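Working notes, beginning with the structure itself.
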Amino acid sequence: MSKITVNGIEYEIAPEQEDMSLLAYLRDELDLTGTKNGCSEGTCGACTVLVNNKAIRSCRFKLSKALEGEVLTIEGLIREDGSLHPLQQAFIDAGAVQCGFCTPGMIMQALDLLHKNPEPDRETIRKAMRGNLCRCTGYQTIVDAVQLASKRMMTPYPPYGGS
Ligand code: FES
Ligand code: FES
């Protein structure tokens with residue numbers, strides 16, 4: 001039987017499950033509902049998760065493509081001591097959690113960016129996030145949040161509660 005690792009936990013996948021989308025598997029089979037379904041068409045970014053450290057749109061990504069791979073969702077960012085990941089904390093501190101629905105996808109997209117470029121400038125952040133739609137158009141605070149997280153992630157013991 002095939003396997004998949006989600007947030008560090010290994011699961012067995014039955015052949016009949018392989019054809020479903022990764023989004024459906026996460027939400028319906030694993031009850032990981034932090035990953036949202038905004039459009040089902042690959043255009044809004046709300047369903048973004050990391051597969052093997054790369055951001056993908058899970059609504060258009062077959063589970064079969066993630067087999068034997070590692071998936072990271074918004075739930076997997078919480079640390080063992082229960083504290084938030086710097087990106088999660090920065091979105092709160094910068095006031096970037098607006099409607100909240102699109103936030104998990106934005107955070108996962110931003111994580112992909114910070115893996116590749118730990119100190120992006122504002123223009124680079126805007127470009128990296130342009131596939132993650134925000135209907136309330138509060139992009140300014142989203143860019144602020146990613147910059148804040150980048151700053152905090154550069155120090156070994158960042159003061160997550162403050163700026
Ligand atoms: S729900 Fe996947 S891109 Fe919108
Ligand atoms: S924060 Fe979700 S639509 Fe703007």
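Results, tabulated for the structure shown:
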{"item": "Full-extension gain in nm, ASP28 to ASP121, via 0.36 nm per residue minus C-alpha separation", "result": "29.7 nm"}
{"item": "Reachable lysines from LYS65, criterion Cα separation under 26 angstrom, eight or more residues apart if same chain", "result": "LYS3, LYS36, LYS54, LYS116"}
{"item": "Antiparallel %, DSSP beta bridges [both residues in the chain], to 5", "result": "85 percent"}
{"item": "Probe 1.4 Å, protein heavy atoms only - accessible area per residue of the chain in square angstrom", "result": "52 Å²"}
{"item": "Charged-residue dipole, Cβ positions (Lys, Arg, Asp, Glu), segment 86-154 about Cα centre, Debye nearest 20", "result": "140 debye"}
{"item": "Length added when fully stretched, LYS3-CYS99, from 0.36 nm per residue minus Cα-Cα", "result": "31.1 nm"}
{"item": "Peptide ranges 125-131, 23-29 listed from the most packed, as the mean C-beta count within 10 angstrom indicates", "result": "23-29, 125-131"}
{"item": "Relative contact order [Cα under 8 Å, 6+ residues apart], segment 86-154, whole percent", "result": "53 percent"}
{"item": "Folded to 0 to 90 degrees: helix 103-116 orientation relative to the chain principal axis, Cα", "result": "80 degrees"}
{"item": "Dimensionless Rg over Rh [segment 23-163; C-alpha; Kirkwood]", "result": "0.95"}
{"item": "For segment 86-153, fraction of C-alpha pairs farther apart than 18 Å, in %", "result": "21 percent"}
{"item": "Largest-first ellipsoid semi-axes for segment 1-72, taking √(5λ) over the Cα gyration tensor eigenvalues, angstrom", "result": "18, 12, 11"}
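The values are calculated or read from the model by the stated rules, or taken from the named source; none is laboratory data. If you're wondering where the values come from, they're calculated on a predicted model, not measured in any experiment. Glycine gets a Cβ as well: all are built from the backbone with ideal geometry, and neighbour counts include every protein chain shown. All accessible areas refer to the heavy atoms of the entire protein, side chains included, with ligands and DNA or RNA removed. Shrake-Rupley method; radii C 1.70, N 1.55, O 1.52, S 1.80 Å.
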